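Since the structure comes first, as structure tokens, the remarks are kept for the end.
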Amino acid sequence: MTRETHSTTYLVAIGAFALGMVSYVTAGLIPMIQTDFAVSVSVAAQLVTAFTLAYGLGSPLCVALLPVHRQRGGLFVMLGLFVVANAASALTTSLATLMAWRVLAGMAAGTYLAIGIAAAVGVAPAGARGKTISIIMGGMASGTVLGVPLGLLLAQRWGWQAALWLIALIGLVALIGLICRLPPMPAAQVVPMRRKLSILVDCRVIGLLGISLLAAIASLGMYTFIAPLIGAHGERSVTPYLWVWGVGGVLGSFLIGTLVDRFSGPRLTFAIMLLLGIALIVLPLLLRISPLLALIPIALWGAVGWALQVPQNNELMKAREAQGDGNLAVALNESALYLGSALGVSLGGLALALQMPVDTLSIVAGLVALSGMGVQAWLWQRANARGADCQNS
């Protein structure tokens, strides 16, 4: 990578750190916000829902409406909007206004990530695409693992607003750096909306999004129930297990990049879904044997769960390269992750309400992950069939 490419990638990753932090820190701030605004927990929790829905559903719409030749300016606008929304959230004295700012922050965050990945890949050498995406996703994972505890620590000392001020400051640092360092984007053709909508019937894209959906149901969905799973085996504190999961996620996000640039993306995805499935299935068994042994599948779960999105985003961008809307594919991938997470939590909660043992829940999550291998096998079959048709024609 050139120095210019390096700086762009790391600056986008700094912004992604703020995104990873804001995506999860709000849940920890709910008790403080509830007290400040004198509302119930269920009402305050809708702030998380508002952000999540705007992130998952609003960002693909924004990316689709943004002209291809305005991506550089769009990146600055969305990151600037993210900074303003978080700063304004810290200043507001009305819950309704705070809700509106969280919607704006979520929409800007998802749009920024999609455009940011595309921008960094666009100026990166062809052989460094995987490493570029992995640095950005590693920044997001670091924001979740390191940024969230830091934000909560500041909130406990100076109020919930302090966490949002920190997020806004990190975003502002990334914005100023990108304005100064982001080189001109490669020339891009204007893509009509009709061609952009064709992404919804692109079988390769749909298959890749299906894998992300299944992975999110299994990994992010099961993550919500890690505390009851650990508690069912007599462990009082879930914190060490959460840290191991998070550290595994950071390492997986950073280390997968080199592999993506050297090996086939579909093969890596197949292997990751296999490892994710195995980790979730053996986790209850190892918890019964020894809590220390259980740290191994938990670390593996975190590593491959976060690592998956590097080859996934790379393959999605390659799938739509000719159409010029790879950033839209990345935005849709983020939507698939949020939808999968919500589905996993809903189905898991229903299963527990029906008295399903939490150990069984982990095993079922593992089987869902393994089903993603079937989707990847189907994509292989289609690609091989197309290759054979091209050779025969």
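The values are calculated or read from the model by the stated rules, or taken from the named source; none is laboratory data. Values in this document were obtained by computation on a predicted structure and should not be read as measured data. Counting neighbours? That spans all protein chains shown, and the Cβs are built from the backbone with ideal geometry, glycine included.
Quick one: is residue 169 surrounded by fewer than 24 Cβ atoms within 10 Å (Cβ to Cβ), modelled with pLDDT under 90 and either part of a helix (DSSP H, G or I) or not assigned by TED's automatic domain parsing to the domain that holds residue 250 (or both)? Taking the combined requirement at face value, the residue does not satisfy it.
Table: residues versus (1) surrounded by fewer than 20 Cβ atoms within 10 Å (Cβ to Cβ); (2) among the acidic types (Asp, Glu); (3) closer than 30 Å to residue 91 by Cα.
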{"position": "107", "(1), (2), (3)": "no, no, yes"}
{"position": "126", "(1), (2), (3)": "yes, no, no"}
{"position": "130", "(1), (2), (3)": "no, no, no"}
{"position": "140", "(1), (2), (3)": "no, no, yes"}
{"position": "143", "(1), (2), (3)": "no, no, yes"}
{"position": "146", "(1), (2), (3)": "yes, no, yes"}
{"position": "157", "(1), (2), (3)": "yes, no, yes"}
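The residue of the stretch 1-42 that is nearest to residue 338 (Cα to Cα), among those that are of a type in the set (S, T, N, Q) and either modelled with pLDDT of 90 or more or crowded, with 16+ Cβ neighbours inside 10 Å (or both), is 23.
Listed here are the residues, each with its yes/no results for (1) hydrophobic (A, V, I, L, M, F, W, C); (2) free of Cβ contacts under 8 Å to residues at least 12 places away in the same chain; (3) within 22 Å of residue 9 (Cα to Cα).
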{"position": "55", "(1), (2), (3)": "no, no, yes"}
{"position": "58", "(1), (2), (3)": "no, no, no"}
{"position": "79", "(1), (2), (3)": "yes, no, yes"}
{"position": "86", "(1), (2), (3)": "no, no, no"}
{"position": "98", "(1), (2), (3)": "yes, no, no"}
{"position": "104", "(1), (2), (3)": "yes, no, no"}
{"position": "107", "(1), (2), (3)": "yes, no, yes"}
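For the stretch 232-239, the criterion of being out of contact with any strand residue (DSSP E or B) (no Cβ under 8 Å at 6 or more places or on another chain), at pLDDT 95 or above, surrounded by fewer than 19 Cβ atoms within 10 Å (Cβ to Cβ) and not hydroxyl-bearing (Ser, Thr, Tyr) is met by no residue.
When we screen 204, 262, 288, 194 for residues that are over 23 Å from residue 149 (Cβ atoms), touching a His at 6+ places or on another chain (Cβ under 8 Å) and among the charged types (D, E, K, R), the only hit is 288.
Scanning the stretch 342-362 for residues that are more than 14 Å from residue 226 (Cα to Cα) and in a helix (DSSP H, G or I), we see that the one that is farthest from the chain's Cα centre (by Cα) is 353.
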